[in-house]
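Before any comments, here is the structure.
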Amino acid sequence: IPGKGRTLTAMSAAWFELLRGHRIVRDHVLSLEVPDIGIPDAVRGQLEGRVMVCRAARVVPIECVARGYLAGSGWAEYRERGTVCGIPLPPGLRECDRLPEPIFTPATKADQGHDENISFDRACEIVGGPLMERLRSLTLRIYAVAAAHAANCGLLLADTKFEFGHARGREGAPSDELMLIDEVLTPDSSRYWPAEGYAPGRDQPSFDKQFLRNHLLELVSKGLWRKEPPGPLLPSHVVEGTRARYMEALDRLFPGTRLRGA
């Protein structure tokens, strides 16, 4: 998707800056400049606007997901069991309904394939109860701030995932300082819907990669692709449609943002 890297980097940078103003948790970003480490000019031009220089971190091996609406894998589980990641929800909810209150649903970080939703208790077994309590609090606080900003921009933040890590101290020594890391609140890690026309009971038009995913799922349903490499060539309308959705999300959330590089 042409320009996707610059778009997501610009959006992450804007969100990191906004969140710093709320002093919820520190983040790992040091600079958006390409480091002066002898990179050839041709390569430097390709990297401009697509990289972040960040503090090293020991990544917590848990995806921290906040859900404000019933969609995606959460909707699939709810239809089967009436729960999302083991959390009981009221009966009678419809697809894409707003939840009574946002919920925290952790997932494991898979080295290959998709991440797997797990219960809060299972997450505590993996990394410890006190750390998970803190991660749940941080995740829901960040989600509340981000959802409010998105709403002011005419977007609904249905769900999103965050990653956290412990900062490395001097000479790489372990530290207890938590940081928000990786990308944050981009269409690759979040589900955004336009507020206008929102109607629960059906799938919503979105600004995330679901548009591209739907095309691939259609190929699978027709037997044209088996979810194996190499991936299928994307038609121009899917490429441009995906790119347009990412750009519109950036323009609506942070109007006037300039993409760095070319």
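The values are calculated or read from the model by the stated rules, or taken from the named source; none is laboratory data. Worth saying up front: this structure is predicted, and the values here are computed from it rather than measured. A quick note on method: Cβ atoms are made from the backbone with ideal geometry, for glycine too, and the neighbour counts reach across all protein chains shown. Only protein heavy atoms, including side chains, enter the accessible area calculation; ligands, DNA and RNA are left aside. Shrake-Rupley method; radii C 1.70, N 1.55, O 1.52, S 1.80 Å.
How much solvent-accessible surface does residue 58 expose, in Å² to the nearest 10, with a 1.4 Å probe and all protein chains in place?
80 Å²
If I take R0 = 41 Å and measure r between the Cβ atoms of residue 26 and residue 221 in this structure, what FRET efficiency does the formula 1/(1 + (r/R0)^6) give, to the nearest 0.05?
After rounding, the FRET efficiency stands at 0.35.
Would you list 236, 206, 73 from the most to the least accessible area, probe 1.4 Å?
Solvent-accessible surface, decreasing: 236, 73, 206.
Could you name the lysines in cross-link range of residue 161, using Cα to Cα under 30 Å and dropping any fewer than eight places away on the same chain?
Here the lysines satisfying the reach criterion relative to residue 161 are 4, 109, 209, 227.
Tell me the Rg and the Dmax, in Å, that the Cα atoms of the stretch 84-146 produce.
13.2, 36
The stretch 101-240: percent of C-alpha pairs farther apart than 19 Å?
I get 65 percent for the Cα pairs in the stretch 101-240 exceeding 19 Å.
Over 20 Å apart: what share of the alpha carbon pairs of the stretch 114-185 falls there, rounded to a whole percent?
43 percent
Which percent of the accessible area of the stretch 133-187 is formed by carbon and sulfur heavy atoms (probe 1.4 angstrom)?
Carbon and sulfur together cover 47 percent of it.
Rank by packing, highest mean first: peptides 16-24, 82-90, 178-186, 30-38, with packing defined as the count of other Cβ atoms within 10 Å averaged across residues.
178-186, 82-90, 16-24, 30-38
Could you report the chain's accessible area per residue, 1.4 Å probe, as an integer in Å²?
53 Å²
List the residues whose amide H sits under 5 Å from the amide H of residue 156, counting only those 5 or more places along or on another chain, with H placed 1.01 Å from N in the peptide plane.
Residues meeting the criterion, in which the H sits 1.01 Å from N, are 193, 195.
Counting other C-beta atoms within 10 Å, and keeping those with at most 16, which DSSP coil trypsin sites (Lys or Arg not before Pro) do you find in the stretch 127-193?
Those that pass, being in a loop and sparsely packed, are 168.
Compute log10 of I(q)/I(0) for the stretch 202-262 with the Debye formula, placing one identical point scatterer on every Cα and leaving out solvent, at q = 0.19 Å⁻¹, to two decimals.
Taking Cα atoms of the stretch 202-262 as identical point scatterers yields -0.81.
Could you give the Stokes-Einstein D for the stretch 13-109 in µm² per second, using the C-alpha Kirkwood radius, 37 °C, 0.692 mPa s?
Rounded to a whole number, D works out at 193 µm²/s.
Rounded to the nearest whole Å³, what is the per residue volume of the convex hull around the Cα atoms of the chain?
That works out to 163 Å³ per residue.
Calculate what fraction, in whole %, of the accessible area of the stretch 1-116 sits on carbon and sulfur atoms when a 1.4 Å probe is rolled over the protein chains.
50 percent
Return the sequence-ordered ³J(HN,Hα) values of the stretch 136-143 in whole Hz as given by the Karplus equation 6.51 cos²θ - 1.76 cosθ + 1.60 applied to θ = phi - 60°, using x for Gly and Pro.
3J(HN,Hα) across the stretch 136-143, in whole Hz: 4, 4, 4, 4, 5, 5, 5, 4.
Kindly write out, for the stretch 148-162 in residue order, the coupling ³J(HN,Hα) from the Karplus curve 6.51 cos²θ - 1.76 cosθ + 1.60 (θ = phi - 60°), rounded to whole Hz, with x marking Gly and Pro.
So the Karplus estimates, Gly and Pro as x, are 5, 5, 4, 4, 5, 9, x, 10, 9, 8, 5, 7, 7, 10, 10 Hz.
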